[in-house]
Structures are given as structure tokens and as C-alpha cells.
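Step one of this worksheet: look at the structure below.
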Amino acid sequence: GGTRHVNTTSQTLAIDESAEWAALETHASSVGNTLRELFDDDERASKYTFDVGDLKVDLSKHLLTDETVDLLVDLASRCQVAERFDQMLTGDRINSTEDRSVLHTALRRRSSDTLVVDGIDVMPQIHAVLDSMARLADRVRGGDWKGFTGKAIDTVVNIGIGGSDLGPAMAVRALEPYVAHHMSFEFVSNVDPVQMTQTLRRIDPETTLFLIASKTFTTAETMANARAARSWLTGAIGDDAAVANHFVALSTNAQAVEEFGIDTRNMFEFWDWVGGRYSMDSAIGLSLMIAIGPDAFDDLLGGFRTVDNYVHETPLRSNAVVLSALLGVWYRNFLNWSAHAVLPYAQLLDRFPAYLQQLDMESNGKRVRTDGSAVGYDTGPIVWGEPGTNGQHAFYQLLHQGTSPVPCDFIGFLNPPKGYDQFHDPNAPTQHDLLFANMVAQAEALAFGRTSDEVEATESNPDLISHRTFPGNRPSTTIVARDLTPAVLGQLVAFYEHRVFVQGVVWGVNSFDQWGVELGKVLAGTVVGELVDPGADIGHDCSTNALVTMYRAAVASRQPPGQD
Ligand code: F6P
């Protein structure tokens with residue numbers, strides 16, 4: 001928090017007042033072709049399918065023509081998307097409200113590169129931390145890092161929230177086939193004591209290493225969980241000195257780490273120019289590096305780099321990351337659709353939608369432009385999703401027949417993860433066959449639907465025709481890779497990071513601050529004081545006052561431990 005000087009010297013372009021925006025409005029009111037009609041062109045799939053590293057990105061099932069692409073690219077050019085991307089890569093302070101550079105792309109550059117920011121080459125510090133992470137990871141994986149009682153570590157618990165949790169938690173699950181089999185990995189984020197208690201019940205203090213992951217090292221939930229873990233561990237082992245063997249910090253705040261009681265030699269540093277939701281390939285990724293090993297982690301970074309280079313080098317018009325972002329703008333602002341679904345057909349990606357929610361919604365859920373003026377148009381959509389095929393039996397009804405279309409991203413893999421496809425009936429399609437078939441079929445059903453004439457051909461009850469008709473014309477992207485490898489995961493994440501970036505540039509917002517989460521934190525601090533001190537004045541609105549009073553009464557009537 002805190003007040004900072006906001007640079008308002010350059011007035012942000014109100015993009016909705018531009019000729020490029022007006023041209024898209026006109027275009028939106030005149031496009032009449034349905035996906036069925038657009039697919040009369042047999043070349044459409046090949047024309048709009050792009051190679052992004054190892055990803056095949058099929059944009060053909062979108063409501064676009066060459067003219068749409070031209071107009072969207074004109075908009076992107078007007079917003080100087082390519083120039084802004086360069087500014088990010090080279091360390092300009094594009095996070096203006098916090099007066100910071102935005103350099104997550106530096107985290108995956110090679111050590112031979114040079115990147116001077118404020119007179120300092122940041123590459124040596126990045127690689128020094130990566131190297132010390134690798135040394136720790138090797139020691140833990142090899143059983144050389146011992147707990148206080150001399151036993152090797154077999155459990156790693158990452159305590160963090162938001163960007164200090166979702167990235168590594170998502171990736172450790174996604175890359176399970178690459179995870180060291182003799183170890184287990186836990187992620188505790190919620191301040192609800194249930195999650196910590198459940199975790200502590202299944203682990204052994206003598207063989208557990210806690211990673212306290214917090215950029216600021218002041219986040220209330222993480223600090224409360226870290227203190228709970230510390231008191232559990234020192235209580236179980238019976239010596240406060242055990243903290244040194246069982247606690248490591250991942251942070252930018254050395255002073256707070258030290259005050260907590262973690263030796264800064266056991267702190268893995270990152271920098272204020274790494275945003276929390278962009279930090280999974282910084283020290284915040286240590287749990288992942290221990291899980292998959294330094295070499296596989298390096299492959300992951302290579303995947304990120306592939307897409308960074310792709311976005312940098314590919315002209316806007318043929319740049320699938322940029323086009324995918326612009327399609328999001330097209331639907332949000334010109335067709336007025338408010339949601340975006342991410343549907344991985346991969347159980348291992350079950351936390352990917354949650355990861356993307358933070359990446360996208362915390363970045364572009366903004367109502368003012370960088371110069372502080374209110375936007376006069378919609379910005380970031382609601383992002384959500386679940387892995388297929390589960391979602392099909394839950395919320396896809398709305399995707400197919402609801403009143404407001406939701407553009408979808410389908411993500412699938414040609415091969416099942418190694419070792420996960422052994423058991424199946426030899427006379428039937430494999431489960432992975434079914435999984436992939438369902439993904440393809442859903443994209444097809446959304447795009448082409450089922451007309452009432454088609455329904456009539458098989459439905460004898462005329463009352464059911466309209467119920468069984470699918471309007472179709474609902475757009476989706478399909479992203480396919482051969483295997484879910486570390487490199488492919490890096491490519492996927494970078495794809496979305498830069499998609500979010502491009503949209504933020506078009507909307508003229510600062511995608512790298514998150515002031516909107518502050519108010520709730522401040523108010524929670526006030527309320528918790530009132531909950532624990534029954535004598536404190538409560539001066540809120542009558543609804544809030546009643547909730548505080550209700551909780552106080554419950555506290556007063558709780559039985560002291562041992563008396564229930
Ligand atoms: O409150 C939101 C937020 O600041 C996120 O942006 C961030 O990822 C999360 O909290 C955790 O922050 P920290 O890593 O400082 O504990």
C-alpha cells in the first residue's frame with residue numbers, strides 16, 4: 001500500500017474515441033456470417049491455425065474474417081502493442097502506479113544475456129538465485145538436507161497465497177509425472193485453520209521442509225499460517241532451533257524474513273519488478289524446482305522463453321498470442337460478452353483455470369486507465385473453468401444454450417501422460433481417446449450447433465424441437481500440444497501472460513497493480529480487532545455491526561477447551 005506519485009504527464013489514449021475503435025463498432029453491427037457459413041471455406045482451419053512453439057493454436061472457430069483481423073490489428077497498432085511489449089522487456093517502469101519495472105520475462109532469459117535496469121545488469125542476480133535454488137533442490141532431493149533430528153526431508157510444504165501459491169501449486173500438479181516419487185508436496189494458502197490442520201495431520205515434522213512464500217512477507221494469511229506451522233514444528237521437535245532446518249523463505253523482504261526467525265542464508269530472493277501473479281519462475285517456484293529437479297525447471301523456463309521470443313518476433317497480424325488477445329477484446333467490447341472459459345482436457349491441469357483467474361482478473365479487472373481517468377468501456381472478463389470432461393456435466397449447458405455466449409479455450413494433448421494410461425479394455429477406445437474426442441466434439445457443437453431442421457429429422461415430438469435446438473455460432477480456441485511437458489507448460493503460461501498483457505495495453509489499464517484488493521485487507525484488520533476485543537466500539541453500518549455482534553456472542557458462549 002502507501003501513496004505514491006502517479007505519473008500523469010502522458011494522457012492515456014481513450015481508445016474508444018479512436019477511428020480504429022469506431023471501425024470495429026461498424027464492423028460488429030454488419031458482420032452477418034455464421035461459423036457454418038465461414039466454414040464453407042475448406043482452407044479456414046489451416047489459415048487460422050498457428051504454431052506457437054510446441055502449441056498448435058486453432059483460432060478458426062472464432063467469429064472473424066480477414067477484415068476483422070485487419071481491424072483488430074489496426075487497433076493493436078494504434079495502441080502500440082509491439083512498442084509496449086518492448087518497453088516491458090527492456091525494463092521501462094510500465095507499472096506506473098507502483099513506479100516499477102515489469103520484468104518477469106527476464107527471469108527466463110539466458111545467463112549470457114545482459115539486461116541493464118537502473119544501471120544494474122539484473123541477469124547475474126537472477127541466475128545467482130536460480131543456482132542457489134538448484135543447489136538446495138539437489139540437496140533436498142538427494143536426501144542431503146537434513147531435518148533437525150538428522151532425517152532426510154521427504155515432504156515440502158509451500159505456505160503462500162495468490163501468486164505465491166497458485167503458480168507452483170498448479171505446476172506441481174500439472175507436472176506430476178516428472179515429480180520425484182519419494183517426495184510429497186503440499187500447498188497451504190487459506191487462513192482457514194482447516195487447511196493447515198489437514199496438512200499437518202498427514203505429515204511428519206522431522207522430515208518436513210516449510211517454504212514460506214511471500215513477496216512482501218507481510219500478507220496476513222501467510223504470516224498466520226507460517227506462525228502456526230512454526231509452533232507446530234517447534235512444539236513437536238521440542239527445540240526452537242529446529243526452525244533453521246525446517247524453514248526457508250521465498251521473498252523480497254529480507255528484514256521481515258529475519259524478524260520471523262529465518263536466517264537470510266535460507267532466503268531465496270526475488271525483486272519488486274516481479275509481480276506476484278507473474279512469479280512462478282522466480283524463487284516462488286522453489287517447491288516446483290524441488291519437485292521436478294533443476295533440469296526440468298530449466299526446460300520450463302525455456303518454454304516461457306520460446307513464447308516470449310515468439311511474441312517479440314512475430315508480426316501482429318500472424319501472432320497467435322496477439323490475435324487471441326484481440327479476439328477477447330472483440331467479444332468483450334464489440335459483442336458485449338462478459339465471460340471467458342478455460343477448459344483444459346487434462347486432469348493434470350485441474351488448477352490451471354484457478355491460476356489463470358488470478359493472472360487475468362487481478363491484472364485486467366480495472367476501471368481506470370493508467371492516467372487515472374475512468375474507462376468508458378468494459379475491461380477484463382470473468383474467467384473461469386474446470387477440466388474436461390467434468391465441466392460438460394455441470395456448466396456446459398449454459399455454454400451451449402445460455403443467452404450470452406462465452407468464448408472458450410479448449411486445451412488438449414495428443415498423448416496421455418506417461419504411466420497414466422495402462423488400464424483399459426483392449427476392445428474399447430481408451431479413456432484418453434474419449435477425453436480428446438469430447439474436447440473436439442464440444443468445440444464442434446458450440447460452433448455449429450444443431451438447427452431446428454436437423455432436430456426435426458429425428459425428433460417426433462414437436463414440443464421438444466426448440467428445446468433440443470442448439471444455436472451454435474459460439475466461438476472457441478483449441479490449443480493442442482503433443483505432451484504436457486515442462487517446456488509445454490511454460491509455453492502455455494507465457495501464452496496467457498502475454499495475452500493478458502496485450503489486452504491491458506488495448507484497454508489502457510495498468511495490468512501490474514492490484515489496488516482493488518487493499519480495502520478488504522484494511523477493513524479485515526479493523527474487524528478482527530473488534531471480534532477479539534468485546535469491549536471495542538463497533539461503528540460500522542448496521543449489517544456489519546450485527547455480524548460482528550453475532551460472532552462475539554458465539555465466542556462468549558464457546559466452552560473452554562476440555563469442558564465440552
Ligand atoms: O492481495 C493480493 C496479493 O498481493 C497478490 O497480488 C499476491 O500474489 C498475493 O497477495 C500474495 O502476496 P505476497 O506474495 O506478498 O504474500
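The values are calculated or read from the model by the stated rules, or taken from the named source; none is laboratory data. Predicted model only: the values in this text are computed from it and were never measured. No Cβ is skipped: glycine too gets one built from the backbone with ideal geometry, and neighbour counts run over all protein chains shown. Only protein heavy atoms, including side chains, enter the accessible area calculation; ligands, DNA and RNA are left aside. Shrake-Rupley method; radii C 1.70, N 1.55, O 1.52, S 1.80 Å.
If you take every DSSP beta bridge whose two residues both sit in the chain, what share of them, in percent to the nearest 5, is antiparallel? The antiparallel proportion sits near 30 percent. Ligands, DNA and RNA excluded, the heavy atoms of E176 present near 90 Å² of accessible surface to a 1.4 Å solvent probe.
One Cα centroid belongs to segment 267-292, the other to segment 64-134; the line between them spans 17 Å. Loop-located GluC sites (Glu not before Pro) in segment 442-494 (DSSP state other than H, G, I, E, B) with a sparse environment of at most 16 neighbouring Cβ atoms within 10 Å: E459. When you filter the trypsin sites (Lys or Arg not before Pro) in segment 100-136 for DSSP loop state and at most 14 other Cβ atoms inside 10 Å of their Cβ, you are left with R110. Only helices enter this figure: runs of n ≥ 4 DSSP H residues, each worth -39500 (n - 2.57), summed and divided by the residues of the chain, yield -13000 deg cm²/dmol at 222 nm to the nearest 500. At full extension, E17 and N336 could sit 113.1 nm farther apart than now, given 0.36 nm per residue minus the alpha carbon distance.
Using a probe of 1.4 Å on the protein chains alone, the accessible area found for T105 is around 10 Å². A 1.4 Å probe, protein heavy atoms only, puts the accessible area of C408 near 0 Å².
Taking Cβ atoms as reference points and 14 Å as the exclusive limit, the residues near T208 contribute a net charge of +1, counting Lys and Arg as +1 and Asp and Glu as -1. Across segment 313-320, rounded Karplus estimates of 3J(HN,Hα) from the backbone phi angles (6.51 cos²θ - 1.76 cosθ + 1.60, θ = phi - 60°) give 9, 8, x, 3, 5, 10, 9, 5 Hz, Gly and Pro being marked x. Please compute, over every Cα-Cα pair in segment 148-250, the percentage with a separation greater than 23 angstrom. In whole percent, the share of Cα-Cα pairs in segment 148-250 beyond 23 Å is 22.
Across segment 462-472, computed HN-Hα scalar couplings (Karplus, 6.51 cos²θ - 1.76 cosθ + 1.60, θ = phi - 60°) run x, 5, 9, 4, 5, 5, 8, 7, 10, x, x Hz from first to last residue, x flagging Gly and Pro.
At 37 °C and 0.692 mPa s, grab the translational diffusion coefficient of the chain from Stokes-Einstein with a Kirkwood Rh over Cα pairs, rounded to a whole number in µm² per second. Reported coefficient: 127 µm²/s.
Each residue of segment 239-254 is assigned a 3J(HN,Hα), and the resulting list reads 7, 4, 5, 5, 3, 4, 8, 10, 10, 10, 10, 10, 6, 9, 10, 4 Hz, derived from the Karplus form 6.51 cos²θ - 1.76 cosθ + 1.60 (θ = phi - 60°), x at Gly and Pro. Between A224 and F395, the FRET efficiency estimated from the beta carbon spacing at R0 = 22 angstrom works out to 0.05. Note on Q125 and T549: the model spin-label points, each 7 Å out from Cα along the C-beta direction, lie 5.3 nm apart. For the chain, with all protein chains in place and a probe radius of 1.4 Å, 51% of the accessible heavy-atom surface sits on carbon or sulfur. The largest accessible area among Y496, Y178 belongs to the first residue in Y178, Y496, and the rest follow in falling order (1.4 Å probe, all chains). When peptides 317-328, 460-471 are ranked by their average number of other Cβ atoms within 10 Å per residue, the highest-first order is 317-328, 460-471.
Proximity of backbone amide H atoms, modeled 1.01 Å from N, is registered between F268 and A249, L250, S251 at under 5 Å, excluding neighbours fewer than 5 places apart on the same chain. Please list, in chain and number order, the residues 5+ apart from F50 or on another chain whose amide H is under 5 Å from its amide H, with Hs placed from the backbone. Amide H neighbours of F50: V57, D58, L59. Go through segment 413-458 and name the chymotrypsin sites (Phe, Trp or Tyr not before Pro) that are in a DSSP coil and have 14 or fewer other Cβ atoms within 10 Å of their Cβ. Here the chymotrypsin sites (Phe, Trp or Tyr not before Pro) that fit, given the DSSP loop and packing criteria, are Y420, F423. Stretched out straight at 0.36 nm per residue, the stretch from L523 to D113 would grow longer than its current Cα-Cα span by 143.1 nm. Between D51 and E25, the modelled labels are 4.2 nm apart [label points 7 Å from Cα along Cα→Cβ]. Once a ≥ b ≥ c are taken as the square roots of the eigenvalues of the Cα gyration tensor of segment 70-139, is the result rounded (a/c under 1.5), prolate (a/b larger than b/c) or oblate (a/b not larger than b/c)? It is prolate, given that a/c is not under 1.5 and a/b is the larger ratio. When the C-alpha to C-alpha distance is required to be over 32 Å, the pairs from K418/K521; K56/K521; K61/K215; K56/K418; K151/K521; K146/K215 that qualify are K418/K521; K56/K521; K61/K215; K151/K521. Would you give the gap between the C-alpha center of segment 148-172 and the C-alpha center of segment 406-473, rounded to a whole Å? That distance is 38 Å.
Taken per residue, the accessible surface of the chain reaches 45 Å², heavy atoms only and a 1.4 Å probe.
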